[in-house]
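> Here you go, one structure.
No value in this document is a laboratory result; all are computed from the given coordinates. As the structure is a computational prediction, the values presented were derived from the model and not from experiment. Cβ sites come from the backbone with ideal geometry, for glycine too, and all protein chains shown count toward neighbours.
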Amino acid sequence: MSYTGTLLRQKREAANLSQTDICGKIGWKNGQYISNIERGLCQVPVKHINQLAVELGIGATEIVDAMILDYKEKIVSEIFNNIAKRENNAT
């Protein structure tokens, strides 16, 4: 699970909103989109960060900070995977 997904799920549940509810408020067609975000399969589109924050009663920076942590984790993982591949190829 992603930092962003965990944050959004916790805040959505605390606000007593279903995935369908939050998607309707944002203008997404169905609950599948927020489900994908909550499971870390995709990120929040930048153009929807502010609206999502308002609907969840949090600051947009909270969402952005979680997205940055997700991206940082992805970068670090990619770097270590590349290092491991080079070391395996060197032997």
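> Hey, could you check segment 19-28 for residues that are buried (at least 18 other Cβ atoms within 10 Å of the Cβ) and not β-branched (Val, Ile, Thr) and say which is farthest from Gln51 (Cα to Cα)?
The selected residue is Gln19.
> Among what's in segment 6-28 and is of a type in the set (A, V, I, L, M) and in a helix (DSSP H, G or I), pick the residue that is nearest to Asp70 (Cα to Cα).
Only one residue fits best here, namely Leu7.
> Considering only segment 77-91, state which residues are of a type in the set (Ser, Thr, Tyr) and either under 15 Å from Thr6 (Cβ atoms) or loosely packed, with under 10 Cβ neighbours inside 10 Å (or both).
Thr91 - this is the single residue of segment 77-91 that is of a type in the set (Ser, Thr, Tyr) and either under 15 Å from Thr6 (Cβ atoms) or loosely packed, with under 10 Cβ neighbours inside 10 Å (or both).
> Could you count how many residues in segment 1-18 are more than 24 Å from Lys74 (Cβ to Cβ) and either of a type outside the set (Ser, Thr, Tyr) or buried (at least 18 other Cβ atoms within 10 Å of the Cβ) (or both)?
Final tally of qualifying residues: 5.
> Would you check which residues across segment 2-28 are in contact (Cβ under 8 Å) with a residue 60 or more places away in the chain and aromatic (Phe, Trp, Tyr) and list them?
Passing the criteria: only Tyr3.
> If you take the residues in segment 29-76 that are at negative phi, in contact (Cβ under 8 Å) with a residue 24 or more places away in the chain and outside any helix (DSSP H, G or I), which one is surrounded by the most Cβ atoms within 10 Å (Cβ to Cβ)?
Val44
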